[in-house]
Amino acid sequence: IPYTRLRAPPAPSHKKMATHAHVISAALTPHCVPVSSARTRRSVVRAASTARCASSAASTSTPPPTRVWHCPPPAEARAATQAASTLSKLPPHTLASGGLDPSSQTAQNQQAYLGSLAERYLPVDLSYRGVRVLNVDPPIFAIADFIPAGECDALAVLASDATAGDVANVKSAALGVKMPAPLGDGMPSLAQRLGELVEDARAFVRCDGAWLQGGMMNSWGMSTGFSKLPPPGAFAFEMPTLNITANGEVSGILPDGMARQAANDLGYQRRALFRVFLTDAPQALIAAAESAEEDSGEPAPDIDRDAFSAKFVICDIGVAPAKGTAIVTFPSFADGMPDERISTMVRATPEAPMVWMDLPVSVGLIAGGIAAPVTMRDMGSVEKVDEEANVGTAARDRNRQEWRANVGAGGLNKDGSGKVDGEETSGGGVSEVEGGGGATEEAMKKLEELKEAGL
């Protein structure tokens with residue numbers, strides 16, 4: 001699988017932490033401290049040692065907000081039709097740092113990537129706070145602290161009355177009836193907070209000029225989808241859904257993008273998805289990260305590749321986002337066809353359930369809906385006439401004779417027989433013709449080459 005050409009940022013130098021640079025400098029600069037006595041000199045050494053220890057502790061690599069890694073591919077053959085498509089992944093050491101920071105790339109690289117996103121999916125704001133690239137194609141982004149931890153806990157409580165749906169091991173809670181109620185003591189109402197989250201998401205996915213005009217919440221359904229479809233070509237957020245997977249369960253494949261016919265029946269297609277995790281990452285992964293050598297500055301060498309919160313089963317990427325992190329994907333292409341490469345499943349640990357909120361961005365379809373992809377069957381078939389004479393040796397002999405006839409039209413051989421290799425041609429022989437009108441020297445040369453080749 002080819003890695004992306006985007007350059008990964010260099011590893012940070014933990015010996016040059018700016019936070020404690022002034023402490024070390026003050027402790028080691030001679031003119032800052034008098035050194036007239038041995039006691040003073042010893043105090044300087046102790047201060048320097050303390051500063052070094054503080055700097056070392058501060059420079060120890062802490063787990064990134066989103067831990068992400070490559071998972072081994074499945075042993076069985078994939079059934080997905082797009083599984084053989086090109087996947088552009090990031091190197092493992094870049095994923096180990098929590099993904100690629102777009103600001104570490106040159107302006108030229110950023111513009112090239114933005115152009116590709118705008119053409120194939122949707123344009124985004126790469127300068128959005130805390131955004132990281134987890135995969136290049138299909139594009140997968142992570143946004144840390146999209147929802148504060150306190151609000152995540154309040155939202156997770158609302159999933160207590162969730163009911164089973166169509167996806168295995170996934171229950172969903174209807175939020176429509178809970179809109180007027182506050183999230184908690186001293187917190188705004190659910191409707192107000194969801195409206196603010198929608199505005200935050202709009203700041204990252206840039207559909208400027210194409211957003212549905214007016215209040216988006218007015219078009220939300222009571223549980224999912226829309227109560228009123230967006231106009232053709234207009235982008236809008238569907239009703240957010242609150243989902244939960246019980247302790248120790250692994251969900252089925254989540255229905256992020258809709259199949260072509262299903263989208264045509266509904267009149268809209270999902271083009272982007274903000275999946276915000278409301279519970280913490282699996283503790284086994286966090287414990288492994290914290291057990292790494294403190295002075296190494298590197299994540300734990302051995303990670304539990306099954307300790308994921310979500311797994312992209314075709315991209316073979318596992319993610320364990322911190323509470324409040326949004327994972328942004330694009331379930332369909334610009335033409336509306338679903339991109340099944342972002343197929344995702346969610347896993348809950350035996351100790352706690354996994355709760356997340358989905359904020360889908362959809363677009364109203366034009367008349368006729370999403371067109372069916374063009375296949376070879378649609379290109380028509382070639383009618384075969386007298387198949388025996390159009391293939392194999394018979395076809396080669398006939399083509400060779402026709403070529404000689406075309407070249408030799410209007411002339412005779414030197415012996416005047418009008419034959420080539422003992423065969424009568426339809427338009428005279430291929431030879432030098434006195435009086436003009438015969439074959440050219442170039443054609444004669446070509447004929448000799450054919451004879452030598454046994455053709």
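Computed values, structure above
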{"quantity": "Order of exposure, largest accessible area first, which applies to 445, 323, 451 with probe 1.4 Å", "calculated": "445, 451, 323"}
{"quantity": "Subset of 178/311; 171/323; 228/311 violating a 24 Å alpha-carbon distance limit", "calculated": "178/311; 228/311"}
{"quantity": "Scattering curve values for the stretch 138-241, log₁₀ I(q)/I(0), Debye with Cα scatterers, q = 0.12, 0.13, 0.23 Å⁻¹", "calculated": "-0.48, -0.56, -1.40"}
{"quantity": "Per-selection metrics, the stretch 236-279 (Cα): Rg and Dmax in Å", "calculated": "13.0, 37"}
{"quantity": "Inter-label distance, nm, simple model (7 Å from Cα along the C-beta direction), residue 106/residue 259", "calculated": "4.6"}
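The values are calculated or read from the model by the stated rules, or taken from the named source; none is laboratory data. Keep in mind it's a predicted model, so treat the numbers as computed, not measured. No Cβ is skipped: glycine too gets one built from the backbone with ideal geometry, and neighbour counts run over all protein chains shown. Side chains included, ligands, DNA and RNA excluded: accessible areas come from the protein's heavy atoms. Shrake-Rupley method; radii C 1.70, N 1.55, O 1.52, S 1.80 Å.
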